[in-house]
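Worksheet: one structure, shown below.
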Protein chains: 2
Amino acid sequence: MLKLTRKVEYALIALRHMQGKELESVSSTKEIAVRYNIPIEILAKTLQHLAKENIIEPINGPHGGYRLKAQLGDINLVEFFERVEGPLGLSDCFYDSNCVQIDYCNIRTPIQRINANMMSMFRSMSVQDVTN
Amino acid sequence: MLKLTRKVEYALIALRHMQGKELESVSSTKEIAVRYNIPIEILAKTLQHLAKENIIEPINGPHGGYRLKAQLGDINLVEFFERVEGPLGLSDCFYDSNCVQIDYCNIRTPIQRINANMMSMFRSMSVQDVTN
DNA sequence: TTTATATCCGATAGATTCTGTCGTATATAT
DNA sequence: ATATATACGACAGAATCTATCGGATATAAA
């Protein structure tokens, strides 16, 4: 409950890795996978996803890899989590409402308040707060 | 990702239900299950768990059920989540460390900072903030 | 004392999500 | 050409979440 997914963690590890290098320099999937002991195939998918989101830029071919493209300070954590994992919320009913309790639920409003607090907390931090 | 479990939601729904009634009055599992459209067996388990945690008090026999026992204002949300679901944290490595990345991880410290923020946010709210 | 209505509790099954793997295609530097 | 990268859909295994089943104990009331 209330945990990050591996995918988000792998993404952050990779971004921090890239952040630690010179701006133009390129990091390959293999390099990162070996360095941090991450299964290469799943890291590959994660990086492809970040590339599709224009957060990193892919370089094809030998000596290729990825380098940072977006300003990590401009992406807050709610935005980042949603771009990597989709809609965010303490309960599904805040973005998709096929919950059988929805018509009777007596805690929807208070939970939504807490959810707003959580969102606001994550929104107050940027990806760079993690990768620096 | 970052969602509450049904068990926690059912527990909160039940507590709010009890909170809305007179102090001495008793609510049965069936009454709550029907009222909020919750599978009765799983709600039963949840209430038994809350009883073991001394948050509610069981009354056996016909016309039995449960009534509030603890002061809900005294239980903060971190404590509540942990009493219902066990250890809490954005990543497992904050309370149990068989993560294969642990020796190489470059984001453990920043994530722990975010985790501390989240904990502090949940600690600043009590169960009563949800059930009132 | 029997009966009906509750809680109690371990075992298990089903569903969903999370995590990781495989195979194949495409791009490009040397 | 070849070697080394990314791209990507399909699938498989694992873990967690959610729900169900069966049978036990407790007690109020007929």
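The values are calculated or read from the model by the stated rules, or taken from the named source; none is laboratory data. All values reported here derive from a predicted model rather than from experimental measurement. When we count neighbours, we look across all protein chains shown, and the Cβ atoms used for this are built from the backbone with ideal geometry, even at glycine. Just the protein is used for accessible areas: all its heavy atoms, side chains included, with ligands, DNA and RNA removed. Shrake-Rupley method; radii C 1.70, N 1.55, O 1.52, S 1.80 Å.
Checked against the criterion of being within 13 Å of DNA strand C (Cβ to nearest atom) and out of contact with any Leu (no Cβ under 7 Å at 6 or more places or on another chain), the candidates B:13, B:40 yield just one match: B:40. Just a yes or no: is a residue in segment B:75-97 away from every other protein chain (no Cβ under 14 Å) and in contact with a strand residue (DSSP E or B) (Cβ under 8 Å, 6 or more places away or on another chain)? Yes, that holds for at least one residue. A Cβ distance below 6 Å, combined with a sequence gap of six or more or placement on separate chains, defines the contacts here; from segment A:50-65, residues that are near DNA strand D (Cβ under 6 Å from one of its atoms) reach residues that are of a type in the set (Ser, Thr, Tyr) and open to solvent by less than 60 Å² (accessible area, probe 1.4 Å) in the pairs A:58/A:66; A:65/A:27; A:65/A:28. Looking at segment A:102-121 only, could you name the residues that are assigned to a helix (DSSP H, G or I), open to solvent by less than 60 Å² (accessible area, probe 1.4 Å) and either touching a Phe, Trp or Tyr at 6+ places or on another chain (Cβ under 7 Å) or at the interface with chain B (Cβ under 8 Å from one of its Cβ atoms) (or both)? Listed by number, the residues that qualify are A:110, A:111, A:114, A:115, A:118, A:121. Looking only at residues of segment A:34-46 that are aliphatic (A, V, I, L, M) and within 11 Å of chain B (Cβ to nearest Cβ), we find that the one that is surrounded by the fewest Cβ atoms within 10 Å (Cβ to Cβ) is A:34. Residues of segment B:11-31 that are touching a residue at least 12 places away in the same chain (Cβ under 8 Å), in a helix (DSSP H, G or I) and over 16 Å from residue B:72 (Cβ atoms): B:29, B:31.
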